[in-house]
Amino acid sequence: MSAPGDDAQAADRAGYAGLSEEKHRERMQRKKELIDRKIAKATIERGVLVVNTGNGKGKSSSGFGMLARSLGHGFKCGVVQFIKGSFSTGEEAFFRRFEELDYHVMGEGFTWETQDKQRDIAAAQAAWAISARMMSDEAYDFVLLDELNIALAHRYVALDDVLAAVAARPPRQHVVITGRGAPDALIEAADTVTEMRVIKHAFKAGIKAQQGIEL
């Protein structure tokens, strides 16, 4: 004879497919009630600051996914890319066709490619000037600052300037900042933070960057 709870544990191990129809309905009803209560408590309507960081792949990809959603809602959007300027990418080729998008590729490539610190600093400062202008303009509903965290990590852009601009932006404006090494103060200021973690990466197996995946 099975002990109390054994059947439930066995069903959990088997997933939802291991539940009877009645047990499945009961569990889904409880889950729906819990989620509905959480949704009902979320009543604040304002712009959010999202930070995507970590060493794993997907930081910029996530940011551009949110850009696509924003454009789908008819938002006025802005993009500033701080690093990826020396090579063409699929996202640039695709998104530049949207008239409601202000797209700026300001970087000159990775620092180990340029090998010119002053040029990198000048490019980052020019990118930040455009970023600050966008965040001060209520016409922009969504602003993506791609790889800004890299410029912050190298001290090419002042963190205090970024925090001040984020805090002073229009109340309903969404801002997404990507790049590894996000500073603690930016993480603290953010509403949503995701850290991408590497489990496997094709590059480590000798596979070069692929169009549609990295490019």
Single match in M28, M66 (criterion: surrounded by 10 or more Cβ atoms within 10 Å (Cβ to Cβ) and more than 11 Å from the chain's Cα centre (by Cα)): M28
- request: Considering every residue within the stretch 147-160, establish whether at least one is touching a residue at least 12 places away in the same chain (Cβ under 8 Å) and surrounded by fewer than 11 Cβ atoms within 10 Å (Cβ to Cβ).
  value: no
- request: Would you be able to say whether some residue in the stretch 107-122 is modelled with pLDDT of 95 or more and surrounded by fewer than 14 Cβ atoms within 10 Å (Cβ to Cβ)?
  value: no
- request: Please enumerate the residues belonging to the stretch 121-140 that are polar (S, T, N, Q) and in a loop (DSSP other than H, G, I, E, B).
  value: S136
field: Odd one out for R13 among (1) over 22 Å from S136 (Cβ atoms); (2) part of a helix (DSSP H, G or I); (3) at pLDDT 90 or above
entry: (3)
field: Pairs with Cβ under 6 Å, 6+ apart, first in the stretch 185-207 and within 8 Å of V51 (Cβ to Cβ), second assigned to a helix (DSSP H, G or I)
entry: V193/I187
One residue from A209, A182, A189 being surrounded by fewer than 18 Cβ atoms within 10 Å (Cβ to Cβ) and out of contact with any Phe, Trp or Tyr (no Cβ under 8 Å at 6 or more places or on another chain): A189
statement: Reported set for the stretch 141-181 where residues are in a loop (DSSP other than H, G, I, E, B) and over 12 Å from the mean Cα position of the chain (by Cα) is D141, H154, R155, Y156, V157, A158, R169, P170, P171, R172, Q173, G181
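The values are calculated or read from the model by the stated rules, or taken from the named source; none is laboratory data. This is a predicted model, so every value here is computed, not measured. All Cβ positions, glycine included, derive from the backbone under ideal geometry; neighbour counts span all protein chains shown.
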